[in-house]
């Protein structure tokens, strides 16, 4: 039996080490930017889903009954197509998100500093007068 070859790591000089750190920082910056972009896209997408639900509800149908059915249909469809994260409760949060933050400019400004978890936490604060 042959023994597996052991890969010997090279020892970097001080200047090479600095260079490698700079390269690693480029990768880290890119990852941070990608995470931030994805987070912003998620918030805007959830806001748009909420907007579309509200627009669909306002077509003259009985809001409560139709809204519940609509949320359930969306939840089932998105879960089937995209997996977890689109349960009925989350879709209700999307709707509530739009109702509470219906000015896109405000959301667009906040999205740089707040991710979906932040908004969701704000939405979980109970205030029945807001959605009456």
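Read-outs: derived from the displayed coordinates by stated rules, not from any lab. Since we're looking at a predicted model, the values are computed, not measured. As a convention, Cβ positions derive from the backbone with ideal geometry for all residues, glycine included, and neighbour counts pool all protein chains shown.
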Exercise for the section: Please report 94, 101, 19, 119 as a ranked list, fewest other C-beta atoms within 10 angstrom at the top and most at the bottom. Expected result: 19, 101, 119, 94
Fill in the blank from the handout: Options (i) 51, 28, 19; (ii) 73, 44, 24; (iii) 48, 31, 30 for Cα extents along the principal axes in Å; the value derived from the coordinates is listed as (ii)
Practice task
At 0.36 nm per residue, minus the direct Cα-Cα distance, what do residue 28 and residue 89 gain on full extension? Give it in nm, one decimal, please.
Solution key: 18.5 nm
Fill in the blank from the handout: With label points set 7 Å from each Cα along the Cα-to-Cβ direction at residue 7 and residue 126, the distance between them in nm comes to 5.6
Practice task
May I ask you to derive the FRET efficiency for residue 69 and residue 117 from their Cβ-Cβ distance with R0 = 41 Å, giving the value to the nearest 0.05?
Solution key: 0.90
Exercise for the section: Evaluate E = 1/(1 + (r/R0)^6) for residue 52 and residue 103, where r is the Cβ-Cβ distance and R0 equals 22 Å; express this FRET efficiency to the nearest 0.05. Expected result: 0.85
Exercise for the section: From the P(r) of the stretch 48-124, can you give the percent of Cα pairs sitting at distances over 21 Å? Expected result: 30
Handout entry: Cα-based helix-to-principal-axis angle, 88-100 vs the chain, degrees rounded to 10
Key = 80
Exercise for the section: Compute the long axis of helix 14-57 from its Cα atoms, compare it with the longest principal axis of the Cα atoms of the chain, and write down the angle in degrees, 0 to 90, nearest 10. Expected result: 10
